[in-house]
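The structure appears below as structure tokens.
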Amino acid sequence: MVRKTIVGAHYGLRDWMAQRITAAVMALFTIIMAAALLRGAAADYQTWAGFMSGGAIRFAAFIFIVSVCWHAWVGVRDIWMDYVKHTGVRLFLHVATLLALIGEAGWAAQVLWRI
């Protein structure tokens, strides 16, 4: 009898590449933000609000948020797959992790874009 697993891992090149690409995106955004801070973008609230209201930086921040969530999902999912053997518990943890990451992405976008 073949027993199917409800929650299967997707190990392989795709996940490895996703982690590397999202890490590169996060590093690039960090460099951009560090350069902006060094140039005085956070001198006061008005300057910061002006910097963050630009379309390019909002798009970059959105890509950063998505990258952080995707990167975290791949890493945490692999932890659940490696260490949680009970299928029901693993499925619950996967769903809880996804919901938390979606909620955190929405909250981060709201915080960044309400300026």
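For the chain, the square roots a ≥ b ≥ c of the C-alpha gyration tensor eigenvalues yield an a/c of 1.5 or more together with a/b exceeding b/c, which makes the shape prolate. Helix 55-83 and the longest principal axis of the Cα set of the chain meet at an angle near 20°. On the beta carbon distance between residue 96 and residue 14, with R0 = 22 Å, the FRET formula returns roughly 0.40. Across q = 0.18, 0.21, 0.34 Å⁻¹, the range 63-105 modelled as identical point scatterers on its alpha-carbon atoms has Debye log10 I(q)/I(0) values of -0.49, -0.63, -1.15, in the order of the q list. How large is the charge dipole for the chain, taken about the Cα centre, if only the Cβ atoms of Lys, Arg (+1) and Asp, Glu (-1) carry charge, to the nearest 20 debye? Computed charge dipole of the chain: roughly 360 debye. Note on the chain: dipole from Cβ charges, positive end direction compared against 60, 71, 25; the farthest Cα belongs to 71.
No value in this document is a laboratory result; all are computed from the given coordinates. Note that the structure is predicted; figures quoted are calculated from it, not measured. Positions of Cβ are generated from backbone atoms using ideal geometry, with glycine treated the same way; all protein chains shown enter the neighbour counts.
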